[in-house]
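The values are calculated or read from the model by the stated rules, or taken from the named source; none is laboratory data. Keep in mind that what you see is a predicted model, and the values were worked out from it rather than measured. Cβ: placed from backbone, ideal geometry, glycine included. Neighbour counts: every protein chain shown.
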Amino acid sequence: MTDKVVLAFSGGLDTSVCVKLLEEKYDVEVITACVDVGQGEEEMEKAKTMASKIGGLKHYNIDAKEEFANEYIARGIKANAEYEGYPLSTALARPLIAKKIIEVAEKEGATAIAHGCTGKGNDQFRFEAIILSMSDLGIIAPIREMNLTRTEEKEYAESKGIELSYDKIYSIDENIWGRSIEGDLLEDPANEPPEDIYEWTKSWQEANDKPEKVSIEFEEGIPIAINGEMMPLIDIIKKANEIAGNNAIGRIDTIENRLIGIKSREIYETPGAKLLIAAHKALEELVLTTDELRFAEYMSTLYADLVYRALWQEPLREDLDQAFDKMQERVSGEVVMKLYKGSIHPLIRKSPFSLHSIEQITFEDKDTDQREVEGMIKHHGLQAANYHKLNR
Ligand code: ARG
């Protein structure tokens with residue numbers, strides 16, 4: 001009996017080519033599975049159509065949108081997780097996609113999981129780390145194993161009569177938390193990115209002419225309402241993408257340091273992520289102590305590194321999640337942000353857990369005896385003063 005393999009499928013170039021390569025060169029039957037992490041109905045439909053055109057054994061469209069928002073993005077927000085300024089949209093989705101593909105593979109009695117990642121990126125590590133730690137399934141990575149270039153893939157697709165469902169020249173990865181655009185002329189940082197690569201964000205010139213205010217309400221670190229309307233996190237993210245995108249927020253053009261050491265020019269559109277993380281940070285400033293804020297920042301860097309570097313399975317990631325959860329118990333309240341042509345600023349912050357006291361800070365206060373602080377100052381710099389006295 002021929003072995004069955006489940007291929008993580010998107011309907012793009014790499015994974016479409018993989019269906020045929022697996023059948024031809026690896027002599028296996030292919031089940032394709034596309035995991036919906038909010039890339040949109042249209043993309044999901046395209047994947048399904050593409051799968052039936054290329055003709056694997058069977059195709060699955062798996063809805064994981066809510067789970068992605070509630071179990072992955074929510075953690076990213078609590079942690080303010082950004083790697084070199086990138087809110088980890090692709091990186092956060094990979095562990096969930098891998099988990100869902102494993103479920104299909106086990107249900108179908110497959111012997112291995114296949115993916116279309118190249119041997120240069122981070123995604124191969126992210127998929128395989130999950131597969132290795134959560135299953136005993138084999139792994140096939142045809143593009144990497146055959147050392148194929150994108151041009152070779154295109155030629156092979158043509159020779160097999162695989163009609164690519166779109167004519168995009170870039171490699172694009174999309175989910176509800178962001179959109180990444182790579183490849184072709186963008187590979188050279190000396191090239192200016194053309195305006196037409198952007199789909200979620202307006203340019204500064206096209207953005208609204210008037211500033212827009214948006215209110216976000218948080219409960220224990222998670223956004224629960226936007227502009228006064230309570231809704232599930234996934235809908236808040238959609239709305240945030242729309243509002244922030246209209247105000248030219250969330251375009252990132254960076255030279256990213258990939259896991260294997262290569263530097264790569266990466267372009268992202270992550271308007272909602274930028275808005276929600278900025279609002280979350282603004283609220284944290286009001287409710288967390290100095291030391292909590294300092295430590296949260298350190299934890300945030302560690303957390304983002306683990307997620308980016310395919311170490312979602314690392315116990316430290318769970319330890320950090322627990323620490324964030326504890327700290328976030330007081331991160332509830334409302335923030336109003338002002339958005340204007342790519343800039344984003346907090347205007348108003350309110351919380352029942354605020355550690356800010358108007359009585360304490362006001363210049364008009366007579367109850368706090370200012371003279372009391374004198375003794376504190378004398379002792380505060382004592383060691384430094386002693387040091388300087390040595391040389392006087
Ligand atoms: N550089 C980003 C990351 O590693 C985006 C990767 C996009 N992946 C893709 N298959 N197009 O998270």
- Task: May I ask you to list pairs of residues, at least six apart or on different chains, whose Cβ atoms are under 8 Å apart, with the first in segment 107-130 being on the phi > 0 side of the Ramachandran plot and the second being modelled with pLDDT of 95 or more and more than 9 Å from the ligand (Cβ to nearest atom)?
- Result: GLY109/LYS4
- Item | Selection from segment 274-316 of residues that are within 16 Å of the ligand (Cβ to nearest atom) and farther than 30 Å from ASN247 by Cα | LEU306, ARG309, ALA310, LEU311, TRP312
- Task: Identify all residues within segment 59-78 that are closer than 15 Å to TRP177 by Cα and either assigned to a strand (DSSP E or B) or of a type in the set (Gly, Ala, Ser) (or both); write none if there are none.
- Result: ALA64, ALA69, ALA74, GLY76
- Task: Go through the residues of segment 332-351 one by one and say whether even a single one is in a helix (DSSP H, G or I), modelled with pLDDT of 95 or more and on the phi < 0 side of the Ramachandran plot.
- Result: no
- Where residues in segment 168-189 are within 10 Å of the ligand (Cβ to nearest atom) and among the hydrophobic types (A, V, I, L, M, F, W, C), which of them is nearest to GLU42 (Cα to Cα)? ILE172
- Item | Candidates GLU192, GLU163, filtered to the one that is more than 13 Å from the ligand (Cβ to nearest atom), part of a loop (DSSP other than H, G, I, E, B) and farther than 24 Å from ALA51 by Cβ | GLU192
- Message: Restricting to segment 320-365, name every residue that is out of contact with any Leu (no Cβ under 9 Å at 6 or more places or on another chain), more than 16 Å from HIS280 (Cα to Cα) and surrounded by fewer than 12 Cβ atoms within 10 Å (Cβ to Cβ).
- Response: GLN322, SER357, ILE358, GLU359, GLN360, ILE361, THR362, PHE363, GLU364
- Task: Might you check whether a residue that is assigned to a strand (DSSP E or B) and either free of Cβ contacts under 8 Å to residues at least 12 places away in the same chain or surrounded by fewer than 18 Cβ atoms within 10 Å (Cβ to Cβ) (or both) occurs anywhere in segment 238-252?
- Result: no
- Task: Please specify each residue of segment 81-102 satisfying the condition of being part of a loop (DSSP other than H, G, I, E, B) and over 30 Å from ASP136 (Cβ atoms).
- Result: ALA81, GLU82, GLU84, GLY85, PRO87
- Determine if segment 80-88 includes at least one residue that is buried (at least 18 other Cβ atoms within 10 Å of the Cβ), within 16 Å of the ligand (Cβ to nearest atom) and more than 24 Å from VAL307 (Cα to Cα). no
- Mind telling me which of the residues ALA157, ALA141, ALA112 ends up being more than 15 Å from the ligand (Cβ to nearest atom), farther than 13 Å from ALA98 by Cα and hydrophobic (A, V, I, L, M, F, W, C)? ALA157
- Message: Taking the conditions exactly as written (crowded, with 19+ Cβ neighbours inside 10 Å and either under 19 Å from the mean Cα position of the chain (by Cα) or under 28 Å from ASN122 (Cα atoms) (or both)), does THR270 satisfy them or not?
- Response: yes
- Note on the structure: Residues of segment 1-58 being hydroxyl-bearing (Ser, Thr, Tyr) and part of a loop (DSSP other than H, G, I, E, B), in sequence order, are THR2, SER10, TYR26
- Task: Show the residue pairs that are 6+ apart or on different chains and have beta-carbon atoms under 9 Å apart, the first residue being within segment 328-341 and farther than 12 Å from ALA225 by Cβ, the second being of a type in the set (Ser, Thr, Tyr) and not in a strand (DSSP E or B).
- Result: ARG330/SER351; VAL331/SER351
